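Trainee: Take this structure first; my questions come after.
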Protein chains: 2
Amino acid sequence: MENERLKQQIEFIVEIDKLKRVMRQSRIIGDIHDELLWENSAEHSWHFAMLAVILGEYADKTVDIGKVMKMALIHDIVEIDAGDTFAYDQLGHLDKAEREGKAASRIFGLLPDNQRDEMMELWMEFEERETNEAQFAAALDLVQPLLQNYYTQGYSWQKNKVTSDQVLARINAATKNSKTLKNFVEWLIHDAVKKGYLQ
Amino acid sequence: MENERLKQQIEFIVEIDKLKRVMRQSRIIGDIHDELLWENSAEHSWHFAMLAVILGEYADKTVDIGKVMKMALIHDIVEIDAGDTFAYDQLGHLDKAEREGKAASRIFGLLPDNQRDEMMELWMEFEERETNEAQFAAALDLVQPLLQNYYTQGYSWQKNKVTSDQVLARINAATKNSKTLKNFVEWLIHDAVKKGYLQ
């Protein structure tokens with residue numbers, strides 16, 4: 001192929017296929033005895049982007065939903081090299097930023113320069129949680145796995161011995177741009193405790 | 001939960017988790033002997049949306065990329081009820097529109113009325129292939145599985161005895177809004193034949 005720019009873009013598109021093989025600590029909703037029903041990061045990213053499409057009206061400070069969708073789609077691509085770091089894995093979080101920074105440079109570096117820069121900036125913006133879009137995206141990225149857990153009777157919470165205190169401790173930082181989703185998540189956690197899904 | 005509108009939205013979000021279990025005739029790039037490496041429609045939708053993010057510059061007539069991303073994210077949700085219809089399954093295409101129409105009514109019908117209408121319209125717009133966005137999305141939805149096939153040495157083409165004539169016959173209708181992607185797809189198919197991936 002002679003189009004050098006398109007060739008680089010296709011190389012990136014083919015590389016990110018690997019995200020479909022990065023496994024998470026979340027289960028797909030369905031038979032909890034089915035050992036194949038674990039979620040991967042590509043599926044999570046699609047679902048997260050769908051939450052942006054459907055729940056956009058709950059951002060307190062205005063957001064560009066197109067940008068939130070893009071954040072959702074690309075936010076986990078670094079996991080191709082860095083692996084998924086479970087939200088409650090304190091040891092894994094010690095070098096998460098370093099591992100993911102290297103991964104971002106390599107993977108987004110496959111793209112033509114202007115797109116590499118755009119993707120790096122968007123990914124960093126999400127990680128820094130400072131803009132309206134990043135803060136709203138953080139809420140959606142919290143809600144998605146909580147739903148997976150709630151609707152599998154707390155399968156992953158129990159397997160990983162996660163407590164309600166640990167889940168509650170993450171809420172404030174993640175819901176700065178959505179009072180409605182903050183209330184929803186608090187309700188969900190309390191209801192999960194009441195139902196015995198979460199200790 | 002007391003917020004009736006949010007309750008409907010969450011019900012939809014939980015329902016569409018099932019797209020992660022709708023299997024396609026495409027393989028994930030990787031060990032071609034690994035029986036688990038088949039792609040599902042949630043993974044495909046994520047990848048398709050990423051193609052929109054990266055290849056948007058190749059639309060000949062201007063497109064709203066946010067809209068193309070949304071189309072990519074939702075276009076296969078009907079398969080939760082209707083199943084995936086393989087591109088070369090002529091019998092399956094006889095009642096595809098009917099099966100998918102019913103599915104759209106039921107699944108998008110879980111949403112609050114204004115969002116149900118918005119999703120139905122967006123899905124219909126994609127299916128009808130008339131607007132710039134729908135035509136450009138069609139090109140991306142063609143390119144994504146072709147790449148999966150090419151980079152697995154034509155695994156699914158061979159398994160399903162698909163010929164280059166059948167693939168070439170789909171190009172014109174799917175690439176009305178991108179001369180660059182039309183050229184790319186033609187190059188890819190000819191190269192696949194040359195390499196022996198496709199008859």
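Trainee: Using only helices, what value at 222 nm comes out for chain A when you add -39,500 (n - 2.57) per DSSP H run of length 4 or more and divide by the total residues, to the nearest 500 deg cm²/dmol?
Mentor: Working: 11 runs with 126 residues, N = 199.
That comes out to -19500 deg cm²/dmol.
Trainee: Run through the other copies and list how far each one's label point is from that of B:Gly83, in nm with one decimal, shortest first; the point sits 7 Å from Cα along Cα-Cβ.
Mentor: B:Gly83 label point versus its equivalents elsewhere: 3.9 nm.
Trainee: Segment B:1-96: Rg/Rh from Cα coordinates, Kirkwood Rh?
Mentor: Rounded to two decimals, Rg over Rh is 1.05.
Trainee: Another question, if that's okay. Arrange the following residues from fewest to most other Cβ atoms within 10 Å of their Cβ: A:Asp84, A:Asp64, B:Asp76.
Mentor: Going from least to most buried by this count: A:Asp64, A:Asp84, B:Asp76.
Trainee: Pairwise over distinct Cα atoms, reciprocal of the mean inverse distance: report the Kirkwood radius of segment B:4-194 in Å, one decimal place.
Mentor: Value: 17.4 Å, from the Cα pair sum.
Trainee: Report Rg (one decimal) and Dmax (nearest whole number) for segment A:85-125, counting Cα atoms only, units Å.
Mentor: In order Rg, Dmax, the Cα atoms of segment A:85-125 give 12.1, 36 Å.
Trainee: Sticking with this one: Put +1 on the Cβ of each Lys and Arg and -1 on the Cβ of each Asp and Glu in segment B:26-137; which of B:Pro112, B:Ala59, B:Leu36 then has its Cα farthest toward the positive end of the dipole?
Mentor: It is B:Pro112.
Trainee: In addition: Pick from B:Leu55, B:Leu19, B:Leu94 the residue whose mean-square fluctuation is largest in a GNM of chain B, springs joining Cα atoms under 10 Å.
Mentor: The residue with the greatest mean-square fluctuation here is B:Leu94.
Trainee: On to the next question. Under the classification rounded if a/c is under 1.5, otherwise prolate if a/b is larger than b/c and oblate if not, where does segment B:48-114 fall, given a ≥ b ≥ c as square roots of the Cα gyration tensor eigenvalues?
Mentor: Because a/c hits 1.5 or more and a/b fails to exceed b/c, segment B:48-114 counts as oblate.
Trainee: With springs connecting C-alpha atoms under 10 Å apart, model chain B as a Gaussian network and identify which of B:Val78, B:Val143, B:Val14 has the largest mean-square fluctuation.
Mentor: Looking only at B:Val78, B:Val143, B:Val14, the largest GNM fluctuation is found for B:Val14.
Trainee: Every other copy gets compared here: list the nm distances from the B:Gly196 label point (7 Å along Cα to Cβ) to its counterparts, shortest first, one decimal.
Mentor: 6.1
Trainee: Shifting gears a bit: Given the protein assembly as shown, report the % of alpha carbon pairs whose separation exceeds 34 Å.
Mentor: Summing the P(r) tail past 34 Å for the protein assembly as shown gives 26 percent.
Trainee: Using Cβ contacts closer than 10 Å as the measure, can you line up B:Asp31, B:Asp17 from fewest to most?
Mentor: B:Asp31, B:Asp17
Trainee: Further question on the same structure: Have a look at B:Leu73, B:Leu142, B:Leu36 and tell me which one the Gaussian network model of chain B (Cα, springs below 10 Å) gives the largest fluctuation.
Mentor: B:Leu36
Trainee: Taking neighbour Cβ counts within 10 Å as the exposure measure, how do B:Thr85, B:Thr152 sort from fewest upward?
Mentor: Ordered from fewest to most neighbouring Cβ atoms within 10 Å, B:Thr85, B:Thr152 come out as B:Thr85, B:Thr152.
Trainee: Once you charge only the Cβ atoms, +1 for Lys and Arg and -1 for Asp and Glu, what is the size of the charge dipole of segment A:4-194 about its Cα centre, to the nearest 20 debye?
Mentor: 380 debye
Trainee: Would you mind calculating the gained length between B:Lys194 and B:Asp165 on full extension (0.36 nm times residue separation, minus the Cα-Cα distance), in nm to one decimal?
Mentor: Value of the extension gain: 9.0 nm.
Trainee: Lys pairs in segment A:4-194, Cα-Cα under 18 Å, at least 8 apart or on separate chains: how many?
Mentor: Lysine pairs meeting the criterion: 7.
Trainee: Determine the distance separating the Cα centre of segment A:101-123 from the Cα centre of segment B:1-42; give it in Å without decimals.
Mentor: What the calculation gives is 27 Å, centre to centre.
Trainee: From the label point of B:Ile32, set 7 Å from Cα along Cα→Cβ, how far away are the matching label points in the other copies, in nm, ordered shortest to longest?
Mentor: 4.1
Throughout, read-outs are computed from the coordinates displayed, never taken from laboratory work. Here the structure is a predicted model, which is why all the values come from computation and not from measurement. With ideal geometry, Cβ positions are generated from the backbone for all residues, glycine too; neighbour counts draw on all protein chains shown.
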